[in-house]
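I have placed the structure first, in the form of structure tokens, so that the comments after it can refer back to it.
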Amino acid sequence: MEENKLDTVNEPQAEYGMYSYADYLTWQFEEVVELIRGKIFKKAAAAPKRIHQRVSVKLVSKFYHFLEGQKCQVYDAPFDVRFPKGSKEDHKIHDVVQPDICVICNPEKLDDRGCLGAPDLIVEILSPGNSKTELKHKYSLYKSQGVREYWIIHPENQDLLIYTLVDGKYVTTGLLTSGDVVESTAVEGFRLDLEEFFKDIE
């Protein structure tokens, strides 16, 4: 994913040089667009690679069955997550993302348009074109907004990096691969055996 101001997004001019969720709601593009600190980021118009979708579907399924009957809920993209800073008014929200997967345990954050506030857990599944955004821009955004746990999955390498928020800073597990068993701190009791998870993904 590359940072781009789309050619068709010129009017109205963004307030203070930044676009808002109010602007975002008026756009109609083939691309999936996200806002990070008021700047537009776009994903390629083409669908993600098959392996990306395979990982996403399998992981969402595991979260869904684990969380069934609990207050936490899992959602997959496209699903808007808005991060307000002070005001919850649409024109004052400048961060809107569509994580591949997110888990929200506070039902008050959910509305008809998605999630307003930080999910407890966010999963991003890397594709060749979006690694820079996931590893840099979203890392900073999720940390500053209080996302308790941030997973980055590399499907081709079959590995996982987890950042856990501790005293306002992300602490990493280091790279987890086949043979490791993941235990989530944000979703208590959820475990993922990476060897079992990746065995039929290719």
Can you report the number of residues in the range 119-165 which are among the hydrophobic types (A, V, I, L, M, F, W, C) and within 22 Å of P107 (Cα to Cα)?
7
Restricting attention to the range 26-78, and to residues there that are touching a Cys at 6+ places or on another chain (Cβ under 7 Å) and not in a strand (DSSP E or B), which single residue is nearest to I153 (Cα to Cα)?
C72
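Only one residue in I93, I40 is touching a residue at least 60 places away in the same chain (Cβ under 8 Å) and either of a type in the set (G, A, S) or at negative phi (or both), so which one is that? Steps first, answer last, please.
Working: I40 fails: touching a residue at least 60 places away in the same chain (Cβ under 8 Å).
The unique qualifying residue is I93.
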Say whether the condition of being under 12 Å from the mean Cα position of the chain (by Cα), on the phi < 0 side of the Ramachandran plot and among the small types (G, A, S) is met by at least one residue in the range 126-137.
no
Any chance G38 is modelled with pLDDT of 85 or more, within 22 Å of Y142 (Cβ to Cβ) and surrounded by 14 or more Cβ atoms within 10 Å (Cβ to Cβ):
yes
Out of (1) assigned to a helix (DSSP H, G or I); (2) in contact with a strand residue (DSSP E or B) (Cβ under 9 Å, 6 or more places away or on another chain), what's the single condition that is false for V103?
(1)
Could you say whether any residue in the range 112-119 is among the small types (G, A, S) and either surrounded by 20 or more Cβ atoms within 10 Å (Cβ to Cβ) or part of a strand (DSSP E or B) (or both)?
yes
Leading residue by the ranking (farthest from S56 (Cα to Cα)) among those in the range 135-167 that are touching a residue at least 40 places away in the same chain (Cβ under 8 Å) and not in a strand (DSSP E or B):
Q145
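Table: residues versus (1) surrounded by 12 or more Cβ atoms within 10 Å (Cβ to Cβ); (2) under 24 Å from T133 (Cβ atoms); (3) in contact with a Ser or Thr (Cβ under 8 Å, 6 or more places away or on another chain).
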{"residue": "I153", "(1), (2), (3)": "yes, yes, no"}
{"residue": "D159", "(1), (2), (3)": "yes, yes, yes"}
{"residue": "L175", "(1), (2), (3)": "yes, yes, no"}
{"residue": "D180", "(1), (2), (3)": "yes, no, no"}
{"residue": "G189", "(1), (2), (3)": "no, no, no"}
{"residue": "D193", "(1), (2), (3)": "yes, no, no"}
Candidate set: the range 51-101, residues that are among the acidic types (D, E) and either buried (at least 19 other Cβ atoms within 10 Å of the Cβ) or within 19 Å of W151 (Cα to Cα) (or both); chosen: the one nearest to the chain's Cα centre (by Cα):
D100
So which of G86, G114 is at pLDDT below 90 and not acidic (D, E)?
G86
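The values are calculated or read from the model by the stated rules, or taken from the named source; none is laboratory data. None of the values given here were measured: they were computed from a predicted structure. As a convention, Cβ positions derive from the backbone with ideal geometry for all residues, glycine included, and neighbour counts pool all protein chains shown.
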